[in-house]
Structure formats: C-alpha cells, structure tokens
C-alpha cells in the first residue's frame, strides 16, 4: 500500500482501555468491583427518560435516521433560544471538530489552541495538513491575549475549550467578551463547551449572545456525552451563524447521527431532574477531592467540569498502581503533564474508593 505520506505520519488518539480489558490483563474476576473514573463519563448513567425513549425506538431500527435531525433540531433550538438553522448535529463533538478543520484548514494554514487543550484539535488539524500552534497556558488556563497575539494571516481557527479538558480550568466571561471583540474577521473561534451543563452557574460563559447578535465567525460546540450520560450514543451539536452552519453541512455525510442517538437526545432534553442530580454529584465530588487530596500533600487544579486534575508526581506510575487496586484514572503524560492524573468525579462511593486507593499508592 502507498498511502499519502502525511497520513502515514499522523498520530492516533489514545483512548482509555475498556474495563473488561483491564480486568483481563490484571486477572480480576469481578468486573463490577472496578472503578473506572478515566473518561469523564456521567457515573449516574444515562437519563432515565432517554433509556425509555431508546427502548421505544428499537422496533424502528430498520429505518434510516432522520438525516437532518428535524425534530431534535427544533426542540433544542427552542430550549436554547436559537433558530434551527443555527444548529448542526454530529457524531459527538469530535466529528464537528473534523468538519471545521475540513472546511477551513489546508496546507499553509493554521489553528491556534492551548498547549494543554483537548488533543483532538491537534489531530484534526494534522488530518487536513494544517499546522496546530500551541499557546502556553499559565496555571493551566487558556491565555486569550496570547492566543490573539499568535494569530497570523494564515490562521483560520482558534479553539478555546471552556472548561478545558484535561485541566478543568475556566476562562472568565469578561476575558471571552474582550477576545470576541478583538477577533479578526478571517478567523473562526471555536468555543468548546462540552461540560457546560455541569459548570457552576457563576462560571458559565454566554457566547451564545454573540451568535444571537449575528456574529458570523464564532461557533459553540456542546455534547450529550457528559451531563446527559449519553457518551455511547456519540451525539454532539454546533451552534453558529446560519452561513457557517451551511458550510459545515456541505462536508457532513448523510445520516451521520443515528436514530437511537436522536431518540435518546430528544428525551434527555426533558430530563431536568437527571441534570440536577448530576450537577449535585459533580459539585459534591469536587468539594470532596479539593478537601481530602491536599491532606495527602496532593495539589489540585480548580475545575469547572466533572473531573479534576491532580498532581501526584509520576502520573503514569500512579495510574498503573491504581489499576492494580481496581481503579482506572487517566495519566496525563500525553498532554505534556507527566506529574498529573485526571480523575472523573463519580458517586460518593466511587470517590471514596478512589481516595482510599490513592492513599495506598502515595504511601
């Protein structure tokens, strides 16, 4: 085979291992005893209303899905107060990131991102032969002034993950508004708000006000994977100016969002109690770790998401030792943070199990 050279040289995203594989490798028989807090999933599970809707949808799985997500689009548009033409759905937010890179990047162009930001932006830029310029993040926070300063005539995209994965840090509303005011017209700013629903209210940005006001070069990405507990369905959405959404639609494949995902997402939008319970679990869990980890001499990074970045020293070794104790976390060396691990906030029981295992490892 003779593939394109730049394809052969691409890095591949490193996903976390499934629980079953970890159990097999370490010889554990009781899979249910393993605590997986590595992938920022909702440990309460899917919305109960979504489960019911998906069960009801099963008999129609011989039909192709609604290619334009007609009903879901209208329901979501009403919920967040935008026009249906300002929405686009994808196979998770990742597919939408790929759409953006497909439309705007090529040889000689670049994307600006934080040095410790979501790795998919770097990988997607490379997929279309664009350069990813990584801007340092003081105290693990996006430096929007530095990102603006890094923009060149060849820049097409700037990605701001807020809260940021894997650091959990949040950019202030005031900084975002100043950034948008100064953003050059030739650059599209991506505000990745995958954890929006679990953010404390006082931290939540209001980027949508700029989109509602007609700003053409801003797009917001959100997902049903986190707060709604539907990560396995792979469904996310973009909010932007109708002209920008129309461009992305040109590179979208037909039926990219499956029928089960649309049914689950439609119902999840109505499940307010599930979101409330999820937020309470996250807030309590963050308070728990921020209180208990410093007692072990472990630094934590302030988080506005459903996970927390902690400095353990030799994160890869800690990750491996925790696995032996039936706890799976995420080592952060792929992000240039070798002294850190990332812990997803779980149920109180999972959080305590995680803490007890970490106490053993840290000695």
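What distance in nm separates the simple spin-label points at residue 333 and residue 11, each placed 7 Å from Cα in the Cβ direction?
Each label point lies 7 Å from its Cα, and together they span 1.4 nm.
State the percent of C-alpha pairs, over all pairs in segment 178-223, separated by a distance greater than 17 angstrom.
Values: 356 of 1035 pairs.
Everything past 17 Å amounts to 34 percent.
Just 96, 148, 88 to compare: in a GNM of the chain, with alpha carbon springs under 10 Å, which one fluctuates most?
With Cα springs under 10 Å in the chain, the top fluctuation among 96, 148, 88 is at 148.
Taking springs between alpha-carbon atoms closer than 10 angstrom, which of 174, 290, 129 fluctuates most in the Gaussian network model of the chain?
Per the Cα network of the chain with a 10 Å cutoff, 174 tops the list.
Please compute P(r) over all alpha-carbon pairs of segment 188-280, binned at 10 Å starting from zero, and give each bin as a whole-number percent.
P(r) over segment 188-280, rounded to whole percents: 15, 41, 36, 8.
What are the extents of the Cα atoms of segment 48-268 along their three principal axes, in Å, largest first?
54, 39, 31 Å, listed from the longest principal axis down.
Taking the Cα centroid of segment 309-363 and of segment 186-230, what is the distance between the two, rounded to the nearest whole Å?
The two parts, judged by their Cα centres, are 29 Å apart.
Per DSSP H run of at least 4 residues, take -39500 (n - 2.57); add these up for the chain, divide by its residues and hand me the 222 nm value, nearest 500 deg cm²/dmol. Display every interim value, and only then the final one.
Details: 14 runs with 140 residues, N = 363.
After summing the helix terms and dividing by residue count, I get -11500 deg cm²/dmol.
Every read-out reported here was derived from the displayed coordinates using simple, explicitly stated rules and does not represent laboratory data. Computed from a predicted structure; not experimentally measured. Quick reminder, even Gly has a Cβ in these numbers, built from the backbone with ideal geometry, and neighbours come from all protein chains shown.
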